[in-house]
Amino acid sequence: MSSPFGELTVIVNPHAGRRRVGEEVPELERTLRSRDLPYRLLFTRGAGDATRMTRQALEAGGRFVVAVGGDGTVHEVVNGMFDDQGKPVAPDPVLGVVAAGSGSDFVRTFGLPGDATRACHHLVGDNTYPLDVGKITFTTESGEREARYFVNIAEVGLFAAVAKKAAGMSARLGQSKYFFGFWRTLPGFKLAGVRVQAGRRSYEGPAFAVLIGNGQYNGGGMKTSPRSYPGDGVFDVLVFKGPKSDAFTMIPKVYRGEHVPHDHIEELRVKQELVVEADRPLPLEADGEVLGTTPVTVEVLAQPVMMKL
């Protein structure tokens, strides 16, 4: 059965999953051929390659792009689906994900498998899910404003600092590096004064983290935004107000998605635009990628991408 969306542009990050992805490419190709799926295989060599390759494929008339790797590869592919004016490069682009990286939290919301062979079976047919995307504008290290796109979860504050710490740890730790990164970051992280504006509702006061959820999972399997649905046109916002000692009792609940409702978590929902400001520059991450600092603005883009299921 061939793809109703045309040829697949398959973008592989061979270094993902502690280089396991590169080793699985022969089996991936055998599976694609056995399913009669026409494809073009491209390999990334460094940061930004997947974004460039995606944009080139869509500008050349393609529609179906498959990210093979972890959440970082998905993040880059999604960013390649939008032009410099923030418009989709092609109408209704289709995103496929073969989650074979060390961090593959995005697909957990959809119940997709985490290995290359089984994930390829989901690339057949015309079953898709309309996917919301967040456009996030932030401050870079040089003080300039920059915009990126995300499809899973963005975080401001402590959790972004944890992501930064984890990014510098050995890949051999796998998803457990988020766990170790958290406990190494927590003691030195101070509460900040934040203002969060989500439509007509707002929160102003102390917080150690602000989470913006489109998907449900991040941080190596934690169900941090359990009420999020990536196609409902709404982002769930959780403001963790502290104290930091909550972490000792809350973390086990976060893995199960049982931390909300909670007296120390402010819950907001946003359909259009969210603004996060703080009394000091707080770090920002989205889809596991450390981006910049506050102030942060998030725009909800309702269903510009089709997720292949």
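The values are calculated or read from the model by the stated rules, or taken from the named source; none is laboratory data. Keep in mind that what you see is a predicted model, and the values were worked out from it rather than measured. Cβ atoms come from the backbone with ideal geometry, glycine included; neighbour counts cover every protein chain shown.
From LEU37, LEU32, LEU123, which residue is of a type outside the set (Ser, Thr, Tyr), touching a Gly at 6+ places or on another chain (Cβ under 7 Å), touching a residue at least 60 places away in the same chain (Cβ under 8 Å) and farther than 23 Å from ALA154 by Cβ? Break it down stepwise before answering.
Numbers: LEU37 fails: touching a Gly at 6+ places or on another chain (Cβ under 7 Å); LEU32 fails: touching a Gly at 6+ places or on another chain (Cβ under 7 Å).
From the options LEU37, LEU32, LEU123, the qualifying one is LEU123.
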Does region 70-81 contain any residue that is at pLDDT below 90 and either of a type outside the set (Val, Ile, Thr) or in contact with a Pro (Cβ under 8 Å, 6 or more places away or on another chain) (or both)? yes
Restricting the search to region 214-224, which residues are polar (S, T, N, Q) and buried (at least 24 other Cβ atoms within 10 Å of the Cβ)? ASN214, ASN218, THR224
Tell me yes or no: at least one residue of region 138-146 is in contact (Cβ under 8 Å) with a residue 40 or more places away in the chain, outside the structural domain of PRO14 (by TED's automatic domain parsing), part of a strand (DSSP E or B) and more than 18 Å from the chain's Cα centre (by Cα). yes
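Which residues, taken from region 138-147, are surrounded by fewer than 16 Cβ atoms within 10 Å (Cβ to Cβ) and β-branched (Val, Ile, Thr)?
Our first condition is that a residue be surrounded by fewer than 16 Cβ atoms within 10 Å (Cβ to Cβ); within region 138-147, this holds for 140-147.
THR140 - this is the single residue of region 138-147 that is surrounded by fewer than 16 Cβ atoms within 10 Å (Cβ to Cβ) and β-branched (Val, Ile, Thr).
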In this structure, does THR31 turn out to be among the hydroxyl-bearing types (Ser, Thr, Tyr) and under 16 Å from the mean Cα position of the chain (by Cα)? no
Does region 111-134 include one or more residues that are among the basic types (Lys, Arg) and closer than 22 Å to THR51 by Cβ? no
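Conditions tested, residue by residue: (1) within 19 Å of MET222 (Cα to Cα); (2) hydrophobic (A, V, I, L, M, F, W, C); (3) surrounded by fewer than 22 Cβ atoms within 10 Å (Cβ to Cβ); (4) free of Cβ contacts under 8 Å to residues at least 40 places away in the same chain.
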site	(1), (2), (3), (4)
ASN152	yes, no, no, no
LEU158	yes, yes, no, no
LYS164	yes, no, yes, no
LEU186	yes, yes, yes, no
GLN197	no, no, yes, no
Among the listed residues LYS165, LYS177, identify the single one that is out of contact with any Phe, Trp or Tyr (no Cβ under 9 Å at 6 or more places or on another chain) and either in a helix (DSSP H, G or I) or not assigned by TED's automatic domain parsing to the domain that holds VAL270 (or both). LYS177
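Results for (1) among the charged types (D, E, K, R); (2) surrounded by fewer than 15 Cβ atoms within 10 Å (Cβ to Cβ), shown as yes or no for each residue.
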site	(1), (2)
VAL234	no, no
GLY242	no, no
SER245	no, yes
LEU268	no, no
VAL275	no, no
ASP287	yes, no
VAL298	no, no
I want to confirm something. Restricting to region 7-37 and keeping residues that are at pLDDT 95 or above and over 30 Å from SER170 (Cβ atoms), which single residue is surrounded by the fewest Cβ atoms within 10 Å (Cβ to Cβ)? GLU7
Among the residues in region 202-209, are any surrounded by fewer than 24 Cβ atoms within 10 Å (Cβ to Cβ), in contact with a helix residue (DSSP H, G or I) (Cβ under 8 Å, 6 or more places away or on another chain) and of a type in the set (S, T, N, Q)? no
Criterion first (over 20 Å from the mean Cα position of the chain (by Cα), among the charged types (D, E, K, R) and on the phi < 0 side of the Ramachandran plot) does ARG201 satisfy it? yes
Name the pairs: first residue in region 249-277 and within 19 Å of VAL196 (Cβ to Cβ), second residue of a type in the set (A, V, I, L, M) and in a helix (DSSP H, G or I), Cβ to Cβ under 6 Å, at least 6 apart or on different chains? HIS259/MET250
Under the condition of being basic (Lys, Arg) and in contact with a helix residue (DSSP H, G or I) (Cβ under 9 Å, 6 or more places away or on another chain), which residue from region 31-56 is nearest to ASP126 (Cα to Cα)? ARG35
Determine which member of the set ARG269, ARG227 is of a type in the set (Lys, Arg) and assigned to a loop (DSSP other than H, G, I, E, B). ARG227
